[in-house]
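A short worksheet on the structure shown next.
Each value in this text was obtained by applying a stated rule to the coordinates, not by laboratory testing. Just so it is clear, the structure is predicted and the values come from calculations on it, not from any experiment. Cβ: placed from backbone, ideal geometry, glycine included. Neighbour counts: every protein chain shown.
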Amino acid sequence: MKRYLLLILFSAAAIMLIPLSMSKDISTPASNQKEAVETTKKAEETTKIPQDTIQVFRSQNSKTVDVTMFEYICGSVAAEMPLAYNEEALKAQAVACYTNALRLKKSNTESKGDISDDTAVHQGYIDKKQRMEKWGDSYEKYEKKLRNAVKEVYGKGLYYKNDLCVAAFFAISNGKTEDAKNIWNTSVPYLKSVDSSWDKDSPKYPSTVTYSKEEIIKKGKELKLNIKDVKNSIKITNKTDSGTVKTVKFGDKIFTGEEIRKAFDLRSPTFGIEATENDVTFSVFGYGHGVGMSQNGANALAQKGYTYDEILKHYYTGVTIK
């Protein structure tokens, strides 16, 4: 039952994982692709890479493929974190991705392979071809950096009392990470609120979203509400100690902050609300659900001189790495 509960929790976490690697793709000149592939193959031939495999469900074509676990971790880190980040942050991300992959593979409960590349289900994964398309002329530089980082920590996982962790992660906190209980209604001893105040320095920390009166009324109908007085239609009723919105009264119903975040496509469940007769504006702070490791925070700590294990032990309370 405990393992089943954690699997449910991970699925909930995966649905809300928002990676920071969403950057503009740059096409790779055809003349460079062959050279890049050959360089990677030569590197593999001269390096001993573990050959244990994992079955990955590719959501775009609904096919399940076998890849080495090492290649999977490389592809998952590449999908989930910008390669411009510090190597210690990349290592921390690699351990988190490996932990989730290994736990799901061992559980043997998925019907379509061991893990999905759909971030609404599990965690992202992009193969070498996709990495070449994404990084363009920077492919060789980033691929080398990626593989070196993964090699340094390959095979290391996060454990809490000998159980593999649900290694939740997200993009940017509101200045503190959030207790899992406040987001998913399930208490997890290693997913507690910790300081991540350095996230406030990110240019992507604040964002605003404004909905017109007509849009608010329409959104109300989608949620089976009859909204007439827009100015008094929505109000925050409770927040957590970390600043995350816990409950919101919208119309005559109470919603969680997460439900409002999803309904209004907000970047974070930490937000303020300013309503007028004509519109509603959300002032949002951070990016993602806020539980587990802040990717931006991990990079900031790495730049301060923290090592990957120190980063992981900061964001995941009481864990061991082995």
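Structural remarks
- Neighbourhood net charge (14 Å Cβ-Cβ; Lys/Arg +1, Asp/Glu -1) for Asn278: -3
- Peptide ranges 101-110, 207-216 listed from the most packed, as the mean C-beta count within 10 angstrom indicates: 101-110, 207-216
- Note on the range 139-173 and the range 201-222: Cα centroid distance 34 Å, given to the nearest whole angstrom.
- Highest average packing first - 282-292, 175-185, 61-71, Cβ atoms within 10 Å: 282-292, 175-185, 61-71
- Antiparallel bridge percentage (DSSP; both residues within the range 206-285; nearest 5): 100 percent
- The overall shape of the range 206-285 is prolate: from the C-alpha gyration tensor, with semi-axes ordered a ≥ b ≥ c, the ratio a/c is 1.5 or greater and a/b exceeds b/c.
- Applying the Karplus relation 6.51 cos²θ - 1.76 cosθ + 1.60 with θ = phi - 60° to the range 190-200 yields 3J(HN,Hα) values of 9, 10, 10, 6, 9, 5, 8, 4, 5, 5, 5 Hz, where x marks Gly and Pro.
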